[in-house]
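Asks: Take a look at this one; I'll ask things after.
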Protein chains: 2
Amino acid sequence: MTESTPAGPVAPSAAAAVRLRPLGVGQVRITGGLAGEWQRRTREVTVPTAVALVESTGTLRNLEIAAGEADGGFQGMHFADSDVAKVLEAVAWRLAAHGPDDDLRRTVDHWTGVLERAQRPDGYLNSWVQITAPDRRYGALVSSHELYCYGHLIQAAVALDRATGDGRLLAVARRVADHVVAEFLRAGRPDLDGHPGVETALVELYRHTGERSYLDQAADFVERRGHGHAGRSDRGSVYLVDHEPVRTSTTLNGHAVRALYLEAGVVDVATETGDDELLAASVRRWEDTVAHKTALTGGHGSRHLFEAFGDRDELPPDQSYNETCAAVASIHWSWRLLLATGEAQFADLVERTLYNTVAASTNVDGDRFFYVNALQRRPDATPPPKGGRRRAWFTCACCPPNVARLLGSLGHYTATTSADGVQLHLFVPAEIQANDGVQLRVATEYPDDGRVRVTVDATPTTPWRLELRLPAWSAPGRTALTVAGTPADVRPDERGYLVVHRAWRAGDTVELDLDVAPRLTYPHRRLDALRGTVAVERGPLVYCFEQVDQPAGVTLDDLALTGGDPLTAHQESSLGLPGPVTVVDTGADVLAAPAHDGPVHDGLPYGAAHAAAPAVKARVTARAVPYHLWDNRDGGAMRVWLPRSPRSTR
Amino acid sequence: MTESTPAGPVAPSAAAAVRLRPLGVGQVRITGGLAGEWQRRTREVTVPTAVALVESTGTLRNLEIAAGEADGGFQGMHFADSDVAKVLEAVAWRLAAHGPDDDLRRTVDHWTGVLERAQRPDGYLNSWVQITAPDRRYGALVSSHELYCYGHLIQAAVALDRATGDGRLLAVARRVADHVVAEFLRAGRPDLDGHPGVETALVELYRHTGERSYLDQAADFVERRGHGHAGRSDRGSVYLVDHEPVRTSTTLNGHAVRALYLEAGVVDVATETGDDELLAASVRRWEDTVAHKTALTGGHGSRHLFEAFGDRDELPPDQSYNETCAAVASIHWSWRLLLATGEAQFADLVERTLYNTVAASTNVDGDRFFYVNALQRRPDATPPPKGGRRRAWFTCACCPPNVARLLGSLGHYTATTSADGVQLHLFVPAEIQANDGVQLRVATEYPDDGRVRVTVDATPTTPWRLELRLPAWSAPGRTALTVAGTPADVRPDERGYLVVHRAWRAGDTVELDLDVAPRLTYPHRRLDALRGTVAVERGPLVYCFEQVDQPAGVTLDDLALTGGDPLTAHQESSLGLPGPVTVVDTGADVLAAPAHDGPVHDGLPYGAAHAAAPAVKARVTARAVPYHLWDNRDGGAMRVWLPRSPRSTR
């Protein structure tokens, strides 16, 4: 890595036990494609929207009151300070990705000033406590979340310093962190925040400043978990992610976002301290989570109630929560595990989560947001309060700025370097300046098209390894690799990458042709909520069936797939969505109601076999669109998982 | 009906538009069987337990504080007064069913005295308001639920007067009702309680006293719904059942117990005022609810979040709520519709709900209770707070006394009379003294056995109709009817009853032999959460598979039914449950994990057809027990719905 380039969101120290190292700010420039469009709408709409809303909804004003510069009472969630910080972090990465902006510069200056003046002389900073109960510092961490708010403040401060060289907020953050260390590490205050998040932030601050006590504090917070230090909640210690120590826990339960943020901190501590046991415990939980508690879209959290992971294999498509923040947190966790291990499985989940849950969380205009990302919407639904259609904003405004800070820094998650190579994890059009003078250019229409062309624009003379992730869904036998015009073997290494090791010359190209033919995907038989269904995927994209795209008179819930009908992908420009969209059409059965149209027995929807058996009454062409585009036209019914027809070939 | 016999819980006035009339206290004496056992444990364990807990948990003390007889602060839920009343009602019906008891008599006297002294001179009575904010009467009905508490107080008072002739509490209740009429009907206070319940109580008080203003007030409350008078809740007007007027609403949404209590009041108002439109609207919602929002066990409420009905066809077996109180409320509603219409479908649902959800809500010892009645428990489950195993009591202690008041008055729900006959709705061993000198004796081992013998012990000389409900699950062709030793046609009338119209002689018998052979039941194809599964039923009983009953080494979640294996019912005494239990054994497939034991693709539990397809690795005999007996041995896994094997015959 070029030493002079400031780091991105995650920058392991030189001593960290990581296999891969991320690139710095500006080393990856996304030049177009779907990722470019996400960045555009983030820059043009989401970030300005978030800035305006933080200022208009009283969120910034809370801090102004705490600073003695405004009157009035506290407004919003107790942890509303975190929204100010998260938007500042989004602004930072947006400035890094797209260059200076006078309005945003003024926002940063203004907000930083408010935070400076709200901060107490000893470093303490929390508007809710300062306004409502200044003598109750850290007295209600179970729900006040001062440390969680600090976490976002620290991440924003590091981001601003790295992205723009503006160290003003960093000074605030260091005083905050020093205060935490003095209180919790040195003076031995035993409490723990009900909402993790500060752990990973403290490690990053250690990485950024070299101050070891921040890492020690993070490690201390990680180890405190599971011993009842987070206080008591009606929702149980599992809600506080305080039910089991991180070294022995084998599965994720409770509040999904909290559990996932904690895991990012666990991996950070493990890699910075070389703690293989701690890392292995996190990997174990990751594998369990992926195998038993992850939606096809990468979503996490099966329950609206307490925003919780559910039991193993409890993955309802309709009432799942799959919070947008959980998707962002999951990417943070998987990315850190990828850096630690170099294994493609982690990048696979990053991509799945990014292209589906994260991408779907914002509308195509960039100004409406999902908090909850369900895989099914019934007709005439009465969604729980955070479900339903996308909204313009939320009282608990965690999700939109979370997506904005991720998409603003998306280049960071695209490629890495190792001692002898460069790894390409995400296939986005980009210009990449890697270490030792390597310059790459990635050209692709992915995921509309599976072809990815990497051109080596500059290279040292010594050989090095270009490593391209082979996604698990693209079988080697259906994938092509061409190196400098010559077909090459498609044989992934033990970590899941296609390795091209050679002495490169400027102008060399590598072409990867991934299999993005649409495919049918079936659920494991233990997923009760998905039994007897099938979904359509294409490359990294999960597809969904919206009522609005089906033939006139055909009810979405009557559609069933046979498993034998061809899937046909083609571009369609008349859907009422911006730009051409690659849709997937397929023959489908239309099921008749069993016995009669309604209850099958005793008035109830249960009956004997002959009464309950569905019959096929018609054949139609059903249409699927990428899941990330759903709910952009109307509030009608949607399904990712369609029933298998009784004529199903399996 | 014998005019001198006091009425049971529901006693339509002489002018009411009802087809059937319930019998009075003491006219139906349950003499044994499963219902007798439920009454025994209610009498011996549940009622004394509930009395003791109301006194020990501070619930009664709240009223003592309000009466100025004790010090301290309010304890428990804001509407805790309702628990006092509900337990008093349970005590009343228990005294009616089983005769005097000195301890309970003292309890009634003591508690009534406290309520008398807590009541304000103008009739107002609510300990939470009187203790915490005496000047905020009816100021927070959205959650204080003063009217809901009144409802239970009125029902308890009517019950005590009817069951024991003790009119002391009735005087309190009348003062309460008069206060409500003065405030809400006469003075025009526009508010509405967030929790319905007072409506049906006011109608019953009208029926008991003849005071017309109580009926007018009930009708007024019913009509106020749907116009925003219940206040504002974060959970929405649907949670308050205030989102749509009762005359136009077509489906039940929101909080299940609230919605169901309201319906009981709607039917009461409709029958007492002869309002056919209002009745038709309730019937329409009942049919919609049964067809789309009712679990196989009769449970209602698909969501833990806000204890809500879900969308149509959203019926998850694992995360459904199916609150015990909703089952009681559902029986109240269906029973009133049965009285109004005489149609067996309503009695069918009463029976299904009683023998499954209500029966399962209490353990076999009578001292532990389900709040939530799920149809599936996964291994190593992390249940939501009100889920999991039965508990000894609840902070919100609504459910156990609700079951106790229902079971104590179970005789009331057994038989009715009409102008020219007697109807038998529930098949329980009983002695029935109906109108005009008709005396019947019912002998049966139902539901272990399908034979029900009714002996006419006394009869007038004029002919009359004995009407026996033919449950929808017992097909006429598999049912036998014998009248005075002679086989008779099994041909139900248009309301679903087998009618025997004759001049009876004392000693005549009618024998009904219902088909209680175990049967497989399949879900309607639109029930996404149950697709590809099958359940076992037997007579009115839903069966379930508990891990503890399966062969050693066989994991419950690996079992699948073919649909072709015989079901064998036999009695088993070695299960670790009291008495012999009729179990159902069946051959079952044991499924192997697809592809390999764990994720099928990409680490995720999703994959291509060949990877996801399950295979059969063994054949075993699986065992099912009645659902109402589950969770009496351990906290292991349970399923009502088992997957269909890939070898399934349908």
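The values are calculated or read from the model by the stated rules, or taken from the named source; none is laboratory data. Only a predicted model underlies this, so the values are computations on that prediction, with no experimental measurement involved. Virtual Cβ from ideal backbone geometry, glycine too; neighbours counted across all protein chains shown. Ligands, DNA and RNA are stripped out before the accessible areas are found, and what is left, the full protein with its side chains, is counted by its heavy atoms. Shrake-Rupley method; radii C 1.70, N 1.55, O 1.52, S 1.80 Å.
Asks: How many residues are assigned to a helix (DSSP H, G or I) and of a type in the set (S, T, N, Q) if we restrict to region A:253-309?
Replies: Number of matching residues: 4.
Asks: Name the single residue, out of those in region A:223-282 being β-branched (Val, Ile, Thr) and open to solvent by 30 Å² or more (accessible area, probe 1.4 Å), that is farthest from B:Thr395 (Cα to Cα).
Replies: Per the stated criteria, the residue is A:Thr273.
Asks: Let me ask something else. Take the residues of region A:461-495 that are of a type in the set (Ser, Thr, Tyr) and more than 14 Å from chain B (Cβ to nearest Cβ): which is farthest from A:Arg21 (Cα to Cα)?
Replies: Per the stated criteria, the residue is A:Thr486.
Asks: Which residue, of A:Glu445, A:Glu467, A:Glu537, is charged (D, E, K, R) and closer than 30 Å to B:Arg378 by Cβ?
Replies: Of A:Glu445, A:Glu467, A:Glu537, the one residue that is charged (D, E, K, R) and closer than 30 Å to B:Arg378 by Cβ is A:Glu537.
Asks: Taking the conditions exactly as written (in a loop (DSSP other than H, G, I, E, B) and farther than 24 Å from A:Asp365 by Cα), does A:Gly587 satisfy them or not?
Replies: no
Asks: Let me ask something else. Counting only residues that are open to solvent by less than 20 Å² (accessible area, probe 1.4 Å) and in contact with a Gly (Cβ under 7 Å, 6 or more places away or on another chain), give me the strands (runs of 3 or more DSSP E) lying completely in region B:470-577 with at least 1 of them.
Replies: Numbers: elements: B:480-483, B:486-488, B:497-502, B:509-513, B:519-523, B:533-538, B:541-546, B:567-572.
It comes to B:519-523, B:533-538, B:541-546.
Asks: Checking B:Pro190 against (1) open to solvent by 40 Å² or more (accessible area, probe 1.4 Å); (2) out of contact with any Lys or Arg (no Cβ under 9 Å at 6 or more places or on another chain), only one condition comes out false. Which one?
Replies: Failing condition for B:Pro190: (2).
Asks: Taking the criterion of being assigned to a helix (DSSP H, G or I), open to solvent by 10 Å² or more (accessible area, probe 1.4 Å) and within 30 Å of A:Ser237 (Cα to Cα), would at least one residue in region A:122-130 satisfy it?
Replies: For region A:122-130, residues assigned to a helix (DSSP H, G or I), open to solvent by 10 Å² or more (accessible area, probe 1.4 Å) and within 30 Å of A:Ser237 (Cα to Cα): present.
Asks: Can you tell me which residue within region B:332-372, out of those that are under 12 Å from the mean Cα position of the chain (by Cα) and over 30 Å from B:Asp276 (Cα atoms), is farthest from the other protein chains (Cβ to nearest Cβ)?
Replies: B:Ser361
Asks: Specify the residue that is nearest to B:Leu604 (Cα to Cα); the eligible residues are those in region A:268-290 that are small (Gly, Ala, Ser) and either in contact with an Asp or Glu (Cβ under 9 Å, 6 or more places away or on another chain) or in contact (Cβ under 8 Å) with a residue 24 or more places away in the chain (or both).
Replies: A:Ser282
Asks: Consider region A:615-648. How many of its residues are at the interface with chain B (Cβ under 9 Å from one of its Cβ atoms) and open to solvent by 40 Å² or more (accessible area, probe 1.4 Å)?
Replies: The qualifying residues number 2.
Asks: Here's something else I'd like to know. Report yes if some residue within region A:70-83 is in contact with a Gly (Cβ under 7 Å, 6 or more places away or on another chain) and under 30 Å from A:Tyr124 (Cβ atoms); otherwise report no. Don't jump to the end; show me each part of the working.
Replies: Let us first name the residues in region A:70-83 that are in contact with a Gly (Cβ under 7 Å, 6 or more places away or on another chain), namely A:75-76.
Then drop every residue that is not under 30 Å from A:Tyr124 (Cβ atoms), which leaves A:75-76.
Yes: one or more hits.
Asks: Could I ask something else about it? Out of B:Arg377, B:Arg391, B:Arg303, report the one residue that is open to solvent by 10 Å² or more (accessible area, probe 1.4 Å) and in contact (Cβ under 8 Å) with a residue 60 or more places away in the chain.
Replies: Just a single option satisfies the conditions, and that option is B:Arg377.
Asks: Would you please name the residue that is nearest to the other protein chains (Cβ to nearest Cβ), looking only at residues in region A:219-252 that are touching an Asp or Glu at 6+ places or on another chain (Cβ under 7 Å) and in a helix (DSSP H, G or I)?
Replies: Out of the qualifying residues, it is A:Val222.
Asks: Looking at region B:35-46, can you tell me whether even one residue there is modelled with pLDDT under 95 and not small (Gly, Ala, Ser)?
Replies: No, there is no match, as no residue in region B:35-46 is modelled with pLDDT under 95 and not small (Gly, Ala, Ser).
Asks: Tell me which of these A:Tyr150 doesn't satisfy, since it passes every other one: (1) touching a residue at least 40 places away in the same chain (Cβ under 8 Å); (2) open to solvent by 20 Å² or more (accessible area, probe 1.4 Å); (3) touching a helix residue (DSSP H, G or I) at 6+ places or on another chain (Cβ under 6 Å); (4) part of a helix (DSSP H, G or I).
Replies: (2)
Asks: Here's something else I'd like to know. Quick check: is even one residue across region B:288-303 over 15 Å from B:Cys325 (Cβ atoms), away from chain A (no Cβ under 14 Å) and of a type in the set (Asp, Glu)?
Replies: Within region B:288-303 (the criterion being over 15 Å from B:Cys325 (Cβ atoms), away from chain A (no Cβ under 14 Å) and of a type in the set (Asp, Glu)), the answer is no, since none of the residues qualifies.
Asks: With respect to B:His425, determine if the residue is within 20 Å of B:Gly8 (Cβ to Cβ) and touching a Gly at 6+ places or on another chain (Cβ under 7 Å).
Replies: no
Conditions tested, residue by residue: (1) buried (at least 18 other Cβ atoms within 10 Å of the Cβ); (2) charged (D, E, K, R).
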{"site": "A:Ile30", "(1), (2)": "yes, no"}
{"site": "A:Gln39", "(1), (2)": "yes, no"}
{"site": "A:Val47", "(1), (2)": "yes, no"}
{"site": "A:Ser56", "(1), (2)": "no, no"}
{"site": "A:Glu69", "(1), (2)": "no, yes"}
{"site": "A:Ala90", "(1), (2)": "yes, no"}
{"site": "A:Thr107", "(1), (2)": "yes, no"}
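Asks: For region B:314-326, how many residues meet the condition of being open to solvent by 20 Å² or more (accessible area, probe 1.4 Å) and either charged (D, E, K, R) or more than 10 Å from chain A (Cβ to nearest Cβ) (or both)?
Replies: Counting residues in region B:314-326 that are open to solvent by 20 Å² or more (accessible area, probe 1.4 Å) and either charged (D, E, K, R) or more than 10 Å from chain A (Cβ to nearest Cβ) (or both) gives 1.
Asks: Can you find a residue that is away from chain B (no Cβ under 12 Å), over 34 Å from the mean Cα position of the chain (by Cα) and at pLDDT 95 or above anywhere in region A:554-561?
Replies: yes
Asks: A further question on this structure: Taking A:Gly99 as the residue in question, decide whether it is in contact (Cβ under 8 Å) with a residue 12 or more places away in the chain and of a type in the set (Gly, Ala, Ser).
Replies: Numbers: in contact (Cβ under 8 Å) with a residue 12 or more places away in the chain: no; of a type in the set (Gly, Ala, Ser): yes.
Spelling it out, it is not the case that A:Gly99 is in contact (Cβ under 8 Å) with a residue 12 or more places away in the chain and of a type in the set (Gly, Ala, Ser).
Asks: Let me ask you something else. Those residues that are more than 14 Å from every other protein chain (Cβ to nearest Cβ) and within 30 Å of B:Arg525 (Cα to Cα), I need them from region B:273-287; list them, please.
Replies: B:Ala280, B:Ala281, B:Ser282
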